[in-house]
1. For Gly58, which sequence-distant residues (separation of 5 or more, or a different chain) have an amide H within less than 5 Å of its own amide H, given hydrogens modelled in the peptide plane?
2. Show me, for the stretch 135-151, the HN-Hα J-couplings you get by feeding each phi into the Karplus relation (A = 6.51, B = -1.76, C = 1.60, θ = phi - 60°), rounded to Hz, glycine and proline as x.
3. Relative contact order, percent, of the stretch 48-148 when contacts are C-alpha pairs under 8 Å separated by at least 6 residues?
4. Identify all aspartates and glutamates with a Cα-Cα distance to Lys134 below 13 Å; exclude those on the same chain that are fewer than 8 residues away in sequence.
5. I'd like to know which of Ser98, Gly86, His145 lies farthest towards the positive end of the charge dipole of the stretch 48-148, counting +1 on Cβ of Lys and Arg and -1 on Cβ of Asp and Glu.
6. With the cut-off at 20 Å, tell me which of the pairs Lys51/Lys133; Lys85/Lys136; Lys71/Lys133; Lys90/Lys117; Lys51/Lys127; Lys117/Lys137 have Cα atoms farther apart than that.
7. Which whole-Hz couplings ³J(HN,Hα) result when phi for each residue of the stretch 118-129 is put into the Karplus expression 6.51 cos²θ - 1.76 cosθ + 1.60, θ = phi - 60°, listed in order with x for Gly and Pro?
8. Which residues' amide hydrogens lie under 5 Å from the amide hydrogen of Ile73, considering only partners 5 or more residues apart or on another chain, with H built in the peptide plane?
Amino acid sequence: MRKMTLMMAGATSAVLIGGVLPTMTASAAEQSPARSQVREVGAAARDCADKLADGRNGIVYVYATYNCIGKPICADDDNDKNYSKGGDCKGANNRSSSVLNKGYSSTYSDVRFYDGKGYDGGSLCLKDGKYIKKLKKANNKISSHKWVKSC
Ligand SMILES: [Ca+2]
């Protein structure tokens, strides 16, 4: 009881705050759920370079975020002529903000993105093993893509 009274009396002092915080941090670090949560935050913050470093898998990715953060809105190992319709890029129409090409370095390993559906209009070509962290002219514009022999 005497201890409680002392702590409450010192509630506004910096000494008490300094004494309480390290205790909370230590106990949180001991719990495994807290540790896995930290790992998930790290995964969510992984950017284009991190994801490319995982290795090639023959897939091209489109993100609605800059820097390839989070889940892609499109992950495709073949062509998609209309992001508004079915296919691996369904729902990605005009939402692009970053792109990542993890294609194998062989023929048809580069990807050309188009403003229009059906590979029409202005385009942007991305070589295999490359990414664009922040699309400029193509930001929120991409509507189709196809794999090409070479950019
Ligand atoms: Ca478009």
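No lab work stands behind these numbers, since they all come straight from the coordinates. The structure displayed is predicted, hence computed values, not measured ones. All Cβ positions, even for glycine, are placed from backbone atoms using ideal geometry, and neighbour counts span all protein chains on display.
1. Here the answer is Gly103, Tyr104, since their amide H atoms fall under 5 Å of that of Gly58.
2. 5, 9, 4, 8, 5, 6, 10, 5, 10, 6, 8, 8, 6, 10, 4, 6, 6
3. Result for the stretch 48-148 is 32 percent.
4. In chain and number order, the partners are Asp47.
5. Sorting the options by dipole projection puts first Ser98.
6. Among Lys51/Lys133; Lys85/Lys136; Lys71/Lys133; Lys90/Lys117; Lys51/Lys127; Lys117/Lys137, the Cα-Cα distance tops 20 Å for Lys85/Lys136.
7. My calculation for the stretch 118-129 gives x, 6, 10, x, x, 9, 9, 10, 10, 5, 5, x Hz in order.
8. Answer set, sorted by chain and number: Val62, Tyr63, Ala64.
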